[in-house]
Amino acid sequence: MTATFPIQPAARFAGQSEPVKRPKEFACFSYDKDHQYHPGDSSLKWYYPPTLGTDLSNGFEKFIKHDDSADEHLDSLLKTIETHEKKTNKQIDAHIVTWRGILTKIMAAPFEDRDGFEMNATFYRNSIFIEENHKCKEASRREQDNQTWKSPIPQEVMQFWGYKFETLSTLPATWGETSRDYIEKRDNEIVNNKEQYCSVVRTGLGKSIICLGGEVDAIWDSKPKVQGAPVNWVELKTSAEIRSDRDMDNFERKLMKFWIQSFLLGVPKIIVGFRSRDGILVKLQEMETNSIPTTVQRRGRAGWDGNTCINFASAFLEWLREVMTDEGVFRVRRKPRSSHIEVFQVEEV
Amino acid sequence: MGIPAAFRWLSTKYPKIVSAVAEDLPLEMPDGTMIPVDTTQPNPNGEEFDNLYLDMNGIVHPCSHPEDRPAPKDEEEMMVEIFKYTDRVVNMVRPRKLLMIAVDGVAPRAKMNQQRSRRFRAAREAQEKEEDKQELLKILRKEKGSTQKEEPIEEVVQKVFDSNSITPGTPFMDILAASLRYWCSYKLNTDPAWANMKVIISDATVPGEGEHKIMNFVRSQRGSPDHNPNTRHVIYGLDADLIMLGLVTHEPHFRVLREDVFAQDSKPRLCKLCGQKGHDERNCRGEAKEKEGEFGEKEKALPLKPFIWLHVSILREYLAIELNIPGLPFKFDLERAIDDWVFMCSFVGNDFLPHLPALEIRENGIDTLTAIWKDNLPHMGGYVTKDGHVDLDRAQYILSGLAKQEDAIFRRRKETEDRREAGFKRRKLQQEQRDQQRDQRNGRGGHGGQDNNRSRYRNPENIPHAGPPPGLQLYSLTPKPVKSLLTHDMVVNRQAIDQANVANKSVASVLKSQIQGLMAQSEAAPVVPATPDSKGEVIQEETSPASALGKRKASIMEEESASTPGANSSDAETPKTPVAEEGQEDTVKLWEEGYADRYYEQKFHVDRNDIEFRHKVARAYVEGLAWVLEYYSQGCPSWEWFYPYHYAPFAADFVDIGKMSISFEKGRIARPYEQLMSVLPAASRHSIPEVYHDLMTNEKSEIIDFYPEEFDIDLNGKKMAWQGVALLPFINMPRLLAAMEIKNELLSPEDKVRNGLGKDVLILSDSHANLYDEITTHFYSKKQGAPFFTLDPKTSDGLTGKVEKIEGYHPHGSLVYPLSRNAMPDVEYDRSLSVHYEYPKSAHDHKSMLLRGVKMPTPALDRSDVEILKSKGQNSGRSYGGVPLSGGRGRGGGGYN
Ligand SMILES: [Mg+2]
């Protein structure tokens, strides 16, 4: 039996937003340079601005790229939660446990229908665990790769720019504990996206309590002594420099994903590195996550609305919890350009 | 850089760095009650400040021996003056987060040599002053004859406060420390504007010069990721190099606060004998101080001296233009360029090295160096300095560039001097002719003309019995400057010099200049108006504390002036063309060939062919430059290092310095008594525990040679004694320590305590609730934590560091006023908390970089400022010929026309 949750008309989700719980980090873990899991914050990075004028393609040939063809499931997140539960001797109280990326797709659904998604949701121990349907993801990626790439710059290089920007903009320790040499020679650092710091937070949308795991690019100052206190995380993004109104419209559309991602983990600041068409870093812009929806709304061209995203996700998750009352695996699917999300039980685990 | 002229030079060249401080003053009601300023209100300067740092010696000196008021009668009065003054400064700035009070602790050895020289001179001058005073008393008694009783005059003669006791290790410094702690606690209890302020007191028991302790603190906070890069810093102090220190913190929101001078004009003249107003010394009746009444009220009405800001941020703007070089083969980095510039400024003068003979701030030595730097930077491959360390190969470029011009600089200096002197003589002659004509017209002489007065008073017998009423021009030491002719910065710098004299030089020398002024007045010396020369040279001379005239005693005046070479007129008596002290003749003659040979022969007493010696001196000097830069930008690199000569080498002597390798050892920090024994002359021994006195006075003492009573001052080509070099033997530390060792055990327990090493103290109010609770819970609850508590910058509002319980201290006690006369109240329930504080130490050098998130202040320079600076910059520093060393590449030869 397939249950269906209509996305459209999205207007019904507009207006005052449902109560949102501020995300609080209660645990974290790190992947090292070999993508080995470590509890704790060993891979945490500090933000320090990069040198403008740097070519983001520098060092592409030495890029150490994480091979994400293997299905990693929720393993690291669950391991971290488990450790936390052992430590506190208490089960976490989340209705939903998932990666930040999954929830981002759901939240963006009212305004983003091109790609669609397929997820597996498991009801277990009073929580719904949602992960990507790996096979489906692989398939769609293959499809994407087969599409003709129009830019003169290879797709892999453009993907690299984002990671390069992170390497250029972060330090492995605080500014005070980093040598001038390191700071000035970050352009020579080998870019490695296997290394990650992931924050695990408890948050809430409407009536659903959510446990989210997600990568955080950098921290602005230091982690507070008190657990759960707001953290000045920094999200790093690259984008093509804006030279026309159309560029601006595109950028503002992109801002929706930026905003949702950061909003979900409680990242207050997004730093955008604007690049020229050929990948030269030309400008930095700091944005307050919280002010993005209103800023975009004021210009009125982006066609997305933050409250709608929140209320939609809130309503959907509440509905999902009603649908998924039996233990077992469910498929959560939105076909490209579809106006609704389907949920149905599947056999495979 | 430690020299007052730097302020003048800076504010002339970069006029917008100075602005007036807006200050709210307490309101006086008709019934006499005062309504204090509510400093919780927004700052009237239109901007709020976070941190205020007080280089406290700049307050202690003027408050304990003021130049414009009668001196406080005892230490308690001094403390009250200090409280008042500090309160005023704090109210002006209204720091919202932190107040740091830093008193000079023991200094690095390199500084002690300067202190030693100042204090020995001070003692000598004090002795001369005493003789002067006695002589004056004699004259006065004689003239007043039987109409005056003799006794009272002596009784009320001001007891001179010995400013040498403002040195770590003295009982005075103990009183000061206790008083400051009391006062800050009191303010935290009573002043709502202090509710969320943290106070750090670094008293004299904590080693280091005050301003450098402050800089260490600022750097330590910068290293913390929780430091707000937009923190607004204000430092109060008198030293000219505070602005340099501000620059090298690389915190752009940084200001220096200091007193301005307009009040100088309204400064009341005080009797030099009893220190009271309303009469001069000739009419001193030696009456006890009037408590209230006419003069007491006038005192209240005395306008406060206004203050000024020196904006580091605006200086940064100027430097960004001035130092920018288009088309560099590497990336232009303003922070690095600023460091290089500060480094070069230190060549022109600092407290630790004699300045290079070719570089005079007044001759725009900084411009000369800047031009060399700009022309060579493209070829040097990078900056001269990096995070407080010198690249010696690149420094060689700068020094070689200077060496190329050195001969020309000396010759030009001589020409300028000769021209100036000739011009002066000419004007003088013209004036005399005019005077003569006028006198002939008037048919009488001596109606107040200066020359006439001088001749009238030259002979003490001629001093009139009833002096003219006070206020006549006759009585002012320097003529009142015509206001409209003075630019703001001239005024500012006048003050800079005055203040520096008070704070940096010794008080005795200030007193001396006062008594000299007195002598000068009784002789009614002609004073040159404050405008004759171009380029503002006036100020220097005008305020020189030891004018040639003042140096002399009335009785020997006549013969000496007559014997002065080339001065058969009254030239010798004018401060404008002072004679060399004791008729010292400049035999080095830098403007004539062979000067280097003569210099090394005469100053260093080495053979003129011993070139290696010159290089040795130059290497020591390079070490010194490196030491100074590191001291400024990283903290003291070595407590023991010092430059072991009285004179600097020539630029030409710096050869192959790139081959040197320089490293400093931290070394041993002196104890307070070791410093006192290193810097004080025997005459000031009352500030040192008695057990050591013998070492300074006994002919048989094995270190008696450290305490000469007589020593030479070499004018070294300068005109004024205070510009000369005091030829004192350098202290040999091992010998000093060995000699003191034997006496140390004899110290009383109290004296031993004063010789100890102290810690910074952090004081805060319980209205800073979270922080107060965190600390008290950690130290004073039932289950006490570790001995150290690391501050959480989130609760401390950004302050990082560790705190430690003070032994024997308990919060919620009573706050007791530490002095005897109870000028201020006790507080029964003390709501403040005191703990020891330690700022975080970093294993890394402090980097000369801006921090992430810094927002630059709105630019203060407009288009025309920029244009003016640029057009000036084209030729500045290039008067002595070309400078690029490798003309082949980039901008070569005549590229700067
Ligand atoms: Mg000082």
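Quick note: the coordinates plus some simple rules give every number you see, no bench work behind them. Please read these numbers as outputs of a predicted model, since none were measured by experiment. Glycine also receives a Cβ, built like all others from the backbone with ideal geometry; neighbour counts cover every protein chain displayed.
For the range B:598-654, what is the convex hull volume of its Cα atoms per residue in Å³?
Each residue corresponds to 77 Å³ of Cα convex hull volume.
Which value in Å does the Kirkwood hydrodynamic radius of the range A:142-223 take, with 1/r averaged over all unlike C-alpha pairs and then inverted?
Taking the inverse mean of 1/r over all distinct Cα pairs, the range A:142-223 comes out at 16.1 Å.
Please work out the Cα convex hull volume for the range A:137-178 and give it in Å³ per residue.
Given the Cα convex hull of the range A:137-178, per-residue volume reads 79 Å³.
Starting from the Cα of A:LYS21, step 7 Å along the direction of its Cβ; do the same at A:GLU286; then give the gap between the two resulting points in nm.
Modelled inter-label distance: 3.1 nm.
Add +1 for every Lys or Arg and -1 for every Asp or Glu among the other residues with Cβ under 9 Å from the Cβ of B:THR39, and state the total.
Net of charged neighbours comes to -2.
By how many degrees, 0 to 90 and rounded to 10, does the Cα axis of helix A:155-169 deviate from the longest principal axis of chain A?
70 degrees
Which of these, A:ASN250, A:ASN89, A:ASN126, has the largest mean-square fluctuation under a Gaussian network model of chain A (Cα springs below 10 Å)?
Looking only at A:ASN250, A:ASN89, A:ASN126, the biggest GNM fluctuation is shown by A:ASN89.
Taking 32 Å as the cut-off for C-alpha to C-alpha distance, list the pairs among A:LYS283/B:LYS847; A:LYS225/A:LYS257; B:LYS13/B:LYS133; B:LYS305/B:LYS386; B:LYS414/B:LYS616; B:LYS589/B:LYS616 that go past it.
From A:LYS283/B:LYS847; A:LYS225/A:LYS257; B:LYS13/B:LYS133; B:LYS305/B:LYS386; B:LYS414/B:LYS616; B:LYS589/B:LYS616, over 32 Å: B:LYS13/B:LYS133; B:LYS305/B:LYS386.
If you average 1/r over all unlike Cα pairs in the range B:781-841 and invert the result, what Kirkwood radius do you get in angstrom?
By the Kirkwood definition, the hydrodynamic radius is 13.9 Å.
To the nearest µm²/s, what D does Stokes-Einstein give for chain A at 37 °C and 0.692 mPa s, using the Kirkwood radius over alpha carbon pairs as Rh?
Taking Rh from Cα pairs, D becomes 155 µm²/s.
Pop the C-beta distance of A:THR88 and B:SER748 into the FRET formula with R0 = 41 Å and round what comes out to the nearest 0.05.
Once the sixth-power term is evaluated, E becomes 0.10.
Whole-Å semi-axes of the range B:641-727's equivalent ellipsoid, largest first, each the root of 5 times a Cα gyration tensor eigenvalue?
31, 21, 11
With springs only between Cα atoms under 10 Å, which of A:LYS24, A:LYS164, A:LYS185 fluctuates most in a Gaussian network model of chain A?
Taking springs between Cα atoms under 10 Å, the residue moving most is A:LYS185.
Which whole-number percentage describes the relative contact order of chain A, with Cα contacts under 8 Å and a sequence gap of 6 or more?
The value is 31 percent.
What is the sum of charges around B:LYS855, taking Lys and Arg as +1, Asp and Glu as -1, for the other residues whose C-beta is under 15 Å from the C-beta of B:LYS855?
Overall, the nearby charge balance is -3.
What list of ³J(HN,Hα) values in whole Hz, one per residue of the range B:29-43 in order, does the Karplus curve 6.51 cos²θ - 1.76 cosθ + 1.60 (θ = phi - 60°) give from phi, with Gly and Pro shown as x?
Per residue, the Karplus-derived 3J(HN,Hα) values read 7, x, 7, x, 6, 10, 9, x, 6, 8, 7, 6, 6, x, 5 Hz.
Which three numbers, in whole Å and largest first, are the semi-axes of the equivalent ellipsoid of the range A:255-349 derived from its Cα gyration tensor as √(5λ)?
34, 17, 14
Can you tell me, using C-alpha contacts under 8 Å and at least 6 residues apart, the relative contact order of the range B:336-435 as a whole percent?
Averaging sequence separation for qualifying contacts and normalising by length gives 24 percent for the range B:336-435.
Sorted from fewest to most neighbouring beta carbons within 10 Å, what does the list A:ASP245, A:ASP68 look like?
If I rank by nearby Cβ atoms, fewest first, I get A:ASP245, A:ASP68.
Among residues other than B:ARG88 whose Cβ falls under 12 Å from its Cβ, what is the net charge (Lys/Arg +1, Asp/Glu -1)?
Cβ neighbours under 12 Å give a net charge of -2.
Quick one: compute the contact order of the range A:249-323, relative version, from alpha carbon pairs under 8 angstrom and 6+ residues apart, as a percent.
Across the range A:249-323, relative contact order equals 29 percent.
How many percent of all Cα-Cα pairs in the range B:688-786 sit more than 17 Å apart?
Roughly 72 percent, rounded to a whole number.
Mind checking Rg over Rh on the range A:79-139, alpha carbons, Kirkwood formula for Rh?
For the range A:79-139, the value is 1.07.
Can you check what the Kirkwood hydrodynamic radius comes to for the range A:213-315, Cα pairs only, in Å to one decimal?
About 14.8 Å, per the Kirkwood formula over Cα pairs.
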